[in-house]
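Worksheet for the structure shown next.
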Amino acid sequence: MREKPTEFDRAGTGSSKWARAGGGAIALGLADMDLPGPAAIGAALAARAAHPAYGYTVADPGGRELVARWYRRRHGVAVDPEWVLLLPFGPSTALRLLLAAAAPRLRGRAAAGVVPEWGGFARVCAAAGVPFRTAALVREGDGLRLPMEALAAFRPGAVLLSSPHNPTGRLWDGAGIRALAELAAAEDGLLVSDEVHGDLVHPDHGLRQPVAVALAGAAAGHTVTLGSVGKTFNTSGVPSCWALVPDAALRGRLLEVMAGYGLWEGGLLEQTVQRAALTGGEEWLDALLPRLAAARDRVLAALGPAVSARPQASYLLWLDGTALGLPPGRARAAALTERDVELADGADFGGPVPGFLRLNYALPPALLDMALHRLTRT
């Protein structure tokens, strides 16, 4: 008889993660958490909903300083509030509009990134008509290193990077981020560092998130950091993000591009969620981080050498399905149909080796254990 997960039921919420998995399978594919978010966010939404007018809203007057204070408090770095743009859409849309705003810098040149990597970069570049060239990450000990020489050889107009890395959950070292910013500056281009998982650094290794705009130094004008409360507080269903853009001309150009699409800073629900998260979610976040680290350790103990690199942040890991007996050409399909577990296909991340999968371990312990039992059965 098939086991049935019972903890933290998301039935009736329209969860795309669980809809994609289908009936009976445990969803480990999409990047949101099967954990309840901060009560402060629900309370703020309920309070705003109590007022029966939902018309146009201005950007939160204190929103820029709120984001800047968050970076000082959580990451120990100085962010000028003037750099902050409060965007009523998700990071993928922000990147698409950034590429349009930065078109004079790109001058028809390719963007560059690494593989494996979050597949959104390739999709957005294709939509923008920007060629996207990639270089494979370099294995170094039990971790990964950025392929600086290969990226520099592309002479890119833009460098696109997830930081922490999606799909492995690894943190890049500050020197590597600085080198990418300097590469972008040397080419009169742009480094876009997608740091939406940056608040989810595990607390047991003493590392800190490398905030690109703070590390870039003289190259800051060629650097953009994207951040969001969506991954941190599990609110991605209300799309929003912020862009840290030190270059005033690029900020202005981005706002012009947004206006051309009928978009402006702010957003009613987006700002309600963001303010509640950044002012009332910190205690919840402090409790979440050791919980994610404990879940990571459960996965490492169960899957062992099948895990490509030990995660240091977020709730994602890169998994060699063939080490679990899954066929390389159809690892995801076999995991779903034969083991009742839905994962993300490594091919979506440009994985250079067939058979890899991305696994999301942000689940309640009992449900995670059930998923791991299914995944390792033969």
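The values are calculated or read from the model by the stated rules, or taken from the named source; none is laboratory data. Quantities reported herein were computed from a predicted structural model and do not represent experimental measurements. All Cβ positions, even for glycine, are placed from backbone atoms using ideal geometry, and neighbour counts span all protein chains on display. To get the accessible areas, we keep the full protein, side chains included, count just its heavy atoms, and leave off ligands, DNA and RNA. Shrake-Rupley method; radii C 1.70, N 1.55, O 1.52, S 1.80 Å.
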Legend entry - Relative contact order of the chain, defined on C-alpha pairs under 8 angstrom at six or more residues apart (%): 24 percent
Inset, instruction - In a Gaussian network model over the chain where Cα atoms closer than 10 Å are linked, find which of Phe356, Phe132, Phe154 has the largest mean-square fluctuation. - result: Phe154
Inset, instruction - Between the alpha-carbon centers of segment 3-76 and segment 205-248, tell me the distance in whole angstrom. - result: 19 Å
Legend entry - Theoretical gain in end-to-end length, Arg145 to Ala347 [0.36 nm per residue, Cα-Cα removed]: 70.7 nm
Inset, instruction - Using label points projected 7 Å from each Cα along Cα→Cβ, tell me how many nm separate Glu338 and Ala43, to one decimal. - result: 5.0 nm
Inset, instruction - Report the antiparallel proportion of the DSSP beta bridges in the chain as a percent, rounded to a multiple of 5. - result: 50 percent
Inset, instruction - Take Tyr54, project a point 7 Å from its Cα along the Cβ direction, then tell me which residues of segment 238-276 have their backbone nitrogen under 13 Å from it. - result: 268-270
Inset, instruction - Could you calculate the FRET efficiency of Asp173 with Arg20 from 1/(1 + (r/R0)^6), where r is the beta carbon distance between them and R0 is 51 Å, rounded to 0.05? - result: 0.90
Inset, instruction - Give the accessible area for Ser236 in Å² (nearest 10); use a 1.4 Å probe, count only protein heavy atoms, and leave out ligands, DNA and RNA. - result: 50 Å²
Legend entry - Pair Arg72, Ala248: separation of 7 Å Cα→Cβ label points (nm): 2.2 nm
Legend entry - Built amide H within the under 5 Å cut-off of Ala136, gap 5+: Val115
Legend entry - Fully extended contour minus Cα-Cα distance, from Leu207 to Leu35, at 0.36 nm per residue: 59.5 nm
Inset, instruction - Would you mind telling me the share, in percent, of accessible area of the chain contributed by carbon and sulfur at probe 1.4 angstrom? - result: 57 percent
Legend entry - Approximate shape of the chain as ellipsoid semi-axes (Cα gyration tensor, √5λ), whole Å, largest first: 32, 27, 19
Inset, instruction - May I ask for the net charge around Cys125, where only other residues with Cβ less than 11 Å from the Cβ of Cys125 are counted and Lys, Arg are +1 while Asp, Glu are -1? - result: +3
Inset, instruction - Sticking with the crude label model, points 7 Å out along Cα→Cβ, report the distance from Glu65 to Arg155 in nm, one decimal please. - result: 4.7 nm
Inset, instruction - Skip the ligands, DNA and RNA, and give the accessible area per residue of segment 72-140 with a 1.4 Å probe, whole Å². - result: 41 Å²
